[in-house]
Amino acid sequence: MLDTPACALLADAQEGLNRPQKTLSPKWFYDARGSALFEQITRLPEYYPTRTEAAILRTDALRLAGLVPPGGALVELGSGASVKTRTLLDAGGHFGAYVPIDISEEFLLETAAHLRARYPYLPVHPVVGDFTQAVILPEAIVDQPKVGFFPGSTIGNLDPGEAVALLARARVWPGITRFVLGADLVKEQGDLIAAYDDAAGVTAAFNRNVLHRLNREVGADFDVPVFRHEARWCEDPARIEMHLVATRAQVVHLAGQDIHFAEGESIHTESCRKYTRRTLATLAAQAGWRLEDMLTDPRDRFAVAILTV
């Protein structure tokens, strides 16, 4: 019998793989192996977002940490290894709590243990959860003022309706005062494609890992090497799409269903939307926030947006 996460994965896959354009949600990238592969991606020479955002966070660490009121909580969505967050934790000795939220339980709990060792004075309350759905915050921080933190340009992986819904849910957290949001900016197409199709093939392995996961957790029989990783730029809306393209016709069996693939047919696994100041301000306004400021690097490649209630 499948456990609850596997049941959710199977239901999502059955729905998405039976669409005219086959899809899989990017949230299923992040099992333990997928999370580790993504950490490798963030260190690749082609993948500018992580190091560019990290530089912005270092430059403006005191200002960003100061957004959290004394004794307040920093609540991070999709925390992963909390690498960039440590810049704010180092600058925020006045924090009353840190709440990392992530869908990958094993990875999250391991990271929380490391953080408790590094910051013994700071209460760390990990929450296993899917940030694309409503998240129940720990009772220990309900009465504390809060600042939301969503770095990494992950907001661009959501379609516009999902992005607005996520920010709107955070807007009604009790005690929320600000939300710090990482967002990749529109730039030259070649730089964008290279960031999602690196020469070492790490992004390709990360993309294909979702098929390995379907095979392992729900008994599918994808011939994984047959699927080629592809990154595509779309002008409207401005986004990179990641696809897994079948290099030959085949039938995949999934919980009693036959999923047919024609040669060249793809699974759309992720969209990575790129923003401008105008589109970020519009997104914030639709969710009940105001774009207070937008911190960028000297080349305007990436933004750390400060949203206020």
Among the candidates Tyr119, Tyr98, single out the residue that is touching a helix residue (DSSP H, G or I) at 6+ places or on another chain (Cβ under 7 Å), within 25 Å of Phe302 (Cβ to Cβ) and at pLDDT 95 or above. Tyr98
Say whether the condition of being closer than 22 Å to Asp184 by Cβ and either at pLDDT 95 or above or among the polar types (S, T, N, Q) (or both) is met by at least one residue in region 259-269. yes
Of all the helices (runs of 4 or more DSSP H) wholly in region 20-82, which have at least 1 residues that are out of contact with any strand residue (DSSP E or B) (no Cβ under 9 Å at 6 or more places or on another chain) and over 27 Å from Lys187 (Cα atoms)? 32-41, 61-66
Identity of the residue in region 204-216, closer than 17 Å to Ser266 by Cβ and free of Cβ contacts under 8 Å to residues at least 40 places away in the same chain, that ends up farthest from the chain's Cα centre (by Cα): Leu211
Inspect all residues belonging to region 42-63 and state whether any of them is under 14 Å from the mean Cα position of the chain (by Cα) and under 18 Å from Ala170 (Cβ atoms). no
If the requirement is being surrounded by fewer than 21 Cβ atoms within 10 Å (Cβ to Cβ) and either at pLDDT 95 or above or of a type in the set (A, V, I, L, M) (or both), which of these qualifies: Thr52, Thr42, Thr59, Thr4? Thr59
Starting from region 277-298, take each residue that is in the same structural domain as Val180 (by TED's automatic domain parsing) and of a type in the set (Ser, Thr, Tyr) and list its partners that are buried (at least 18 other Cβ atoms within 10 Å of the Cβ) and not in a helix (DSSP H, G or I), counting only C-beta distances under 6 angstrom and pairs at least six apart or across chains. Thr296/Ala303
Which one is nearest to the chain's Cα centre (by Cα) among residues in region 110-149 that are under 24 Å from Asp31 (Cβ atoms) and part of a strand (DSSP E or B)? Phe149
Between Gly201, Gly190, Gly219, Gly182, which is under 19 Å from Phe29 (Cβ atoms) and more than 19 Å from the chain's Cα centre (by Cα)? Gly201
Residue count, region 83-108, condition without any contact (Cβ under 8 Å) to a residue 40 or more places away in the chain, crowded, with 23+ Cβ neighbours inside 10 Å, of a type outside the set (A, V, I, L, M, F, W, C) and under 20 Å from Gly34 (Cα atoms), comes to 1
Six or more apart or on different chains, Cβ atoms under 6 Å: show the pairs whose first residue is in region 37-59 and closer than 13 Å to Phe206 by Cβ and whose second is among the small types (Gly, Ala, Ser) and assigned to a loop (DSSP other than H, G, I, E, B). Glu39/Ala81
Do we find a residue being without any contact (Cβ under 8 Å) to a residue 60 or more places away in the chain and over 13 Å from the mean Cα position of the chain (by Cα) anywhere in region 21-30? no
Note on Phe179: of the conditions (1) surrounded by 23 or more Cβ atoms within 10 Å (Cβ to Cβ); (2) part of a loop (DSSP other than H, G, I, E, B), unmet is (2)
Filter pass, Pro138 being under 20 Å from Ile103 (Cα atoms) and buried (at least 18 other Cβ atoms within 10 Å of the Cβ): no
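The values are calculated or read from the model by the stated rules, or taken from the named source; none is laboratory data. Owing to the predicted nature of the structure, the values given are computational and were not obtained by experimental measurement. Positions of Cβ are backbone-derived with ideal geometry, glycine not excepted, and every protein chain shown enters the neighbour counts.
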